[in-house]
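Comments concern the structure below.
The values are calculated or read from the model by the stated rules, or taken from the named source; none is laboratory data. Just so you know, these numbers come straight off a predicted model, no measurement behind them. Backbone-built Cβ (ideal geometry, glycine too); neighbour counts: all protein chains shown. With ligands, DNA and RNA removed, areas are computed over all heavy atoms of the protein, side chains included. Shrake-Rupley method; radii C 1.70, N 1.55, O 1.52, S 1.80 Å.
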Amino acid sequence: NRKGIIRFEDHPKTDEGDRNGLYGMTVFFAHASFIPESVEYFRDRNVPENIIRDTLLNLEDALVMHRQGFACDGFEVNRHFGWNQHFVICDILLVRRLNFEMRTFTNSVKVFKNNKTGEYKILLFDCLIHPSGYLVGSAGYNDEEGALTAELLETDEYYEGYPADTENAKAIREKVRLCKSEWSVALEPGDEVVNVHIPDMPDFSPEAVEYSYRRFQEVVKISFPEFRYKAFACGSWLLDPQLRDMLKKDSNILSFQSKYMRFPIKSQGKAVFTFLFKNQLIKRIEDQTENTSLERAAKRHYLEGKYIYEPAGVFFPEQYQ
């Protein structure tokens with residue numbers, strides 16, 4: 001059953017009841033035992049052999065990240081258990097530089113398209129908008145004073161709600177009204193989307209990224225024709241517009257994020273301590289090492305009491321069809 005989930009009622013733990021480190025390898029090997037079935041499933045779907053190989057080698061990332069984070073061999077169950085399920089249920093493909101997860105859209109926004117101009121607008125709902133434009137509950141913005149409740153109103157004639165500032169990944173605290181005669185829903189929760197993940201690999205050039213998007217679309221048409229996705233979606237610290245102030249204008253990261261229309265989600269600003277500052281043994285930002293200009297800028301940013309958030313974003317693949 002490709003939708004099955006691995007669960008354990010009992011497995012080795014440390015004396016403290018922890019199941020990370022080498023004790024977590026029990027779970028890792030259980031995942032690895034599914035590789036032959038996953039290979040067979042992908043082959044039945046006519047997925048190219050190089051993509052099958054690269055996709056299932058993702059399993060090793062959990063071991064690599066454990067060594068980067070803790071300077072020893074092991075598998076950190078709490079951080080990677082959910083991620084490795086993707087290679088059991090086979091809902092993800094690694095195509096050159098990006099992981100593409102086939103899933104449904106779950107964010108509390110609707111995206112609208114102007115039928116004449118092709119312009120898009122994103123309206124938020126089911127959230128509290130802080131005066132800053134971030135969402136209440138995000139790091140540094142837990143105070144509800146002055147917050148606005150984002151509700152999306154639909155009548156026979158129009159939609160009305162608070163839009164996203166897609167360049168800055170914040171909410172605009174003034175409602176807009178979109179007439180149904182001009183605007184239609186382009187994306188809403190429950191629609192199929194391609195969720196993009198960015199593994200820690202070399203060559204993040206625009207050419208490599210663009211190839212990944214195009215090649216995935218070619219493969220999915222043949223191997224998963226029933227997957228009728230409407231958009232590419234991503235949620236990552238790499239989408240934070242604040243990175244514009246930390247990177248050169250020709251940065252690969254800025255090129256990657258510029259494709260997405262971004263909107264705020266609740267974010268704790270902790271992802272950089274997994275994916276940028278990888279050493280999990282260092283607990284204080286003051287003690288983090290600075291090996292790159294981005295690490296230096298990010299460390300300074302946090303020492304000033306700020307955060308790098310993990311906004312979400314979408315873009316529509318008409319250009320690839």
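Collect residues whose amide H, placed 1.01 Å from N in the peptide plane, falls under 5 Å from the amide H of Asp240; neighbours closer than 5 in sequence don't count.
It is none; the list stays empty.
At a 1.4 Å probe, what is the % contribution of carbon and sulfur to the accessible area of the range 174-214?
Looking at the range 174-214 in its full context, I get 48 percent from C and S.
Once Lys and Arg get +1 and Asp and Glu get -1 on their Cβ, which of Leu243, Ser223, Leu254 lies farthest toward the positive end of the dipole of the range 188-317?
It is Leu243, whose Cα lies furthest towards the positive end.
What FRET efficiency would be calculated for the residue pair Asn114, Asn78, taking the C-beta separation as r and a Förster radius of 41 Å, to the nearest 0.05?
The calculated FRET efficiency here is 0.40.
Which FRET efficiency value, to the nearest 0.05, do you get for Asp165 and Thr292 by plugging their Cβ-Cβ distance into 1/(1 + (r/R0)^6) with R0 = 30 Å?
0.55
What does the C-alpha gyration tensor say about the overall shape of the range 22-158? Classify as rounded when a/c is under 1.5, otherwise prolate if a/b is larger than b/c, or oblate.
Oblate, because a/c is 1.5 or more while a/b does not exceed b/c.
Taking the Cα centre of the range 58-151 as origin, sum charge times position over the Cβ atoms of Lys and Arg (+1) and Asp and Glu (-1), and report the length of that vector in debye to the nearest 20.
Around 560 debye, computed over the range 58-151.
With charges set only on the Cβ (+1 for Lys and Arg, -1 for Asp and Glu), what does the dipole of the chain come to about its Cα centre, in debye to the nearest 20?
So the dipole magnitude of the chain works out to roughly 560 debye.
Which entries of Lys113/Lys299; Lys175/Lys259; Lys230/Lys278 have Cα-Cα distances beyond 31 Å here?
Beyond 31 Å: Lys113/Lys299; Lys230/Lys278.
Select from the range 73-169 those trypsin sites (Lys or Arg not before Pro) which occupy a DSSP coil region and have at most 12 other Cβ atoms within 10 Å, ordered by residue number.
Lys116
How would you order 285-293, 34-42 from highest to lowest mean count of nearby Cβ atoms within 10 Å?
34-42, 285-293
Counting heavy atoms of the protein chains only and a 1.4 Å probe, report the per residue accessible area for the chain as a whole number of Å².
Solvent-accessible surface per residue comes out at 51 Å².
Over the Cα atoms of the range 268-321, what is the Rg over Rh ratio if Rh follows Kirkwood?
The Rg/Rh ratio comes out at 1.16.
Taking Lys266 as the anchor, which lysines have their alpha carbon closer than 16 Å to its alpha carbon, excluding any fewer than eight residues away along the same chain?
In chain and number order, the partners are Lys170, Lys306.
Please compute the net charge surrounding Leu152, taking Lys and Arg as +1 and Asp and Glu as -1 over other residues with Cβ under 9 Å from its Cβ.
-3
With a/c under 1.5 counting as rounded, go ahead and sort the chain into rounded, prolate or oblate using the C-alpha gyration tensor (a ≥ b ≥ c being the square roots of the eigenvalues; past the cut-off, prolate if a/b is larger than b/c, else oblate).
oblate
Ignoring everything except DSSP H segments at least 4 long, calculate the 222 nm mean residue ellipticity for the chain; use -39,500 (n - 2.57) per segment, divide by total residues, nearest 500.
-7500 deg cm²/dmol
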